[in-house]
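Take a look at the structure set out below.
The values are calculated or read from the model by the stated rules, or taken from the named source; none is laboratory data. What you see is a predicted model, and the numbers here were worked out from it, not measured in a lab. Cβ coordinates were reconstructed from backbone atoms using ideal geometry, including for glycine residues, and neighbour counts include every protein chain displayed. The accessibility values were calculated without ligands, DNA or RNA, using every heavy atom of the protein model including side chains. Shrake-Rupley method; radii C 1.70, N 1.55, O 1.52, S 1.80 Å.
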Amino acid sequence: MRVPFNYPYITGKEVEHIKDVLHSRQLCGDGKYSRLCQTWLEEALQCPRALLTPSGTAALEMAALLLDIQPGDEVIMPSFTFVSTANAFVLRGANVVFVDIREDTLNIDPLEVKKAITEKTRAVVPVHYAGVGCDMFEIAEICRNDGIAIVEDAAHAVMSKYRERPLGTFGSLAALSFHETKNLVAGEAGALIINDERMIARAEIIREKGTDRSRFFRGQIDKYRWQDLGSSYLPSELQAAFLWAQMERAEFILSARQSRWLEYHHKLAPLEEVGLVRRPIVPEPAMQNGHIYYLLAECRDTRDRLMEFLHEREIGCVFHYIPLHDAPGAEIRSRQVGDLSVTSDVSSRLLRLPLSVELTSEQIDFVVRSICEFFEFDENHLKDQNERFFSPVKSS
Ligand SMILES: Cc1ncc(COP(=O)(O)O)c(C=O)c1O
C-alpha cells in the first residue's frame, strides 16, 4: 500500500474558478478572486488588512521591507525553521540571531529570546511550528518593553489559534503560506497579514513594485508613480482563483486534517507509553490544525533506520529542518545565542509522517503497523488502542 507523504487536496472547484478568470480576461493580480481571498482572510483573522503574495517567502520579505530593516540590525528567530525566515531579513543586511526552541512544542523559547536582545534588536520572528502557537503573550511582553517588532512566521498556522485568538494576529505583521505542502494550497502562494494599520498604505506600495498603483486602480489618484522601495509581490488571478476554491472548503480541510492527526495520536500512544517514540505535545492554550504529524525517535540512528524502513514500504516520511545555524548560509550574516542543543537534538530525531485530507484509516493503520514492526512492538497493544479510539467510552 503506497502512502504519499503529501497529497494536496483538490476541491473540484479550482478549474471552474480558473475558467472564470480566463473568460474575464483579467489575469493579473488584485482582481475578483484576490479580493475574495483577502476578505476571507480579514474575516477569519479579524485583521485590518490581508494581502495575497506569490509565496510565504515574499510575505516575509515584504515584512522586512516594511520594518525598514537596515544593515546591522538584529532579528531574533529560531534556527529550527525554513530558510526563508532568515533570508528575508539577511536580504536587507540584517544579522540574524538564532536562539533555541522549547523541548515540548519545538517553538522558540521566550527565555532564550530575552537573553538574545541587544540595543540592535529590531524584530523577533516566532515560527508556529506544525501550526502550534508559540508563547505569544510572553513574547509580546518581552518585545513591548524594548519596542521590538514581532513578525509571526505563520506559514504552518493557517486557521490555528492561541488562547482562542487566530495565529497571525499577534505580531504587527505575519506571513502565511499556501505552498502545496500546506493546509490550504495554491501551488505557490502566501499572504501578508497586517495588524498595524499604519503599515497598510506602504505595504500596498511595496507590493506594487514601489508604486501607488493600488490607489490608482481604486480611482483615488489619476496617475501612479514610483514612490518607494518595492518589488513584484502580487500573485496572479489564476493563483487566487485556485486558492479561493480551497478557502471555500477551509472548514472541511481543517477538520479532516485534524482528525487524521488525532487518529495517529491515539494509535501511536502505546509506543510512547513504552518509551519507543515521543509524540507531538500541544499545551493547553494552543491547538493543532492538522498541519504536521511527527514523531521523535530515541536518536538519529533509530530515526534514520525507521525512515528507511518506511520508505521500503512506500510510506512517504521526511525529516524536518536541518538547523539554520550550522548550515553554510549561516556564514553570510548570523550568530547564535546559547548552544542550541534542543534544536540540534530535535532535528536529528524528528520524522514527519504522511498527512493529507485523503489519508484513509487503512493507510494510517498501515503506517502505525509498520512502525510497530520496525520496533518489534507487540501489535496486541495496538488493537486495544484502536478499540479505545473507535468505540465511544461508556459512562458507568
Ligand atoms: C516556517 C516556514 N516559513 C516560511 C516558509 C516559506 O513559505 P513559501 O514556501 O510559501 O515561500 C515555509 C515553507 O515551507 C516554512 O515552513
Exercise. Restricting the first residue to the stretch 33-60 and requiring it to be over 19 Å from Ala245 (Cβ atoms) and assigned to a helix (DSSP H, G or I), which pairs with a second residue that is away from the ligand (no atom under 16 Å from the Cβ) and open to solvent by less than 30 Å² (accessible area, probe 1.4 Å) meet a Cβ separation below 6 Å and a spacing of at least six or different chains?
Worked result: Leu45/Pro166; Leu45/Thr169
Exercise. Which residue pairs have Cβ atoms under 6 Å apart, sit 6 or more places apart or on different chains, and have a first residue in the stretch 300-316 that is in the same structural domain as Leu351 (by TED's automatic domain parsing) and charged (D, E, K, R) and a second that is at pLDDT 95 or above and assigned to a loop (DSSP other than H, G, I, E, B)?
Worked result: Arg303/Ala297; Glu314/Arg2
For this session: Please go through the stretch 159-169 and pick out each residue that is open to solvent by 30 Å² or more (accessible area, probe 1.4 Å) and either within 14 Å of the ligand (Cβ to nearest atom) or of a type outside the set (D, E, K, R) (or both).
Result: Met159
Problem set entry | Options Thr302, Thr360, Thr343: the member that is surrounded by fewer than 16 Cβ atoms within 10 Å (Cβ to Cβ) and β-branched (Val, Ile, Thr) | Thr360
Exercise. Could you list, in sequence order, the residues of the stretch 131-151 that are crowded, with 24+ Cβ neighbours inside 10 Å and in contact (Cβ under 8 Å) with a residue 40 or more places away in the chain?
Worked result: Gly131, Val132, Gly133, Val151
Exercise. Within the stretch 1-38, restricting attention to residues that are farther than 15 Å from Gln239 by Cα and hydroxyl-bearing (Ser, Thr, Tyr), which residue is most open to solvent (accessible area, probe 1.4 Å)?
Worked result: Tyr7
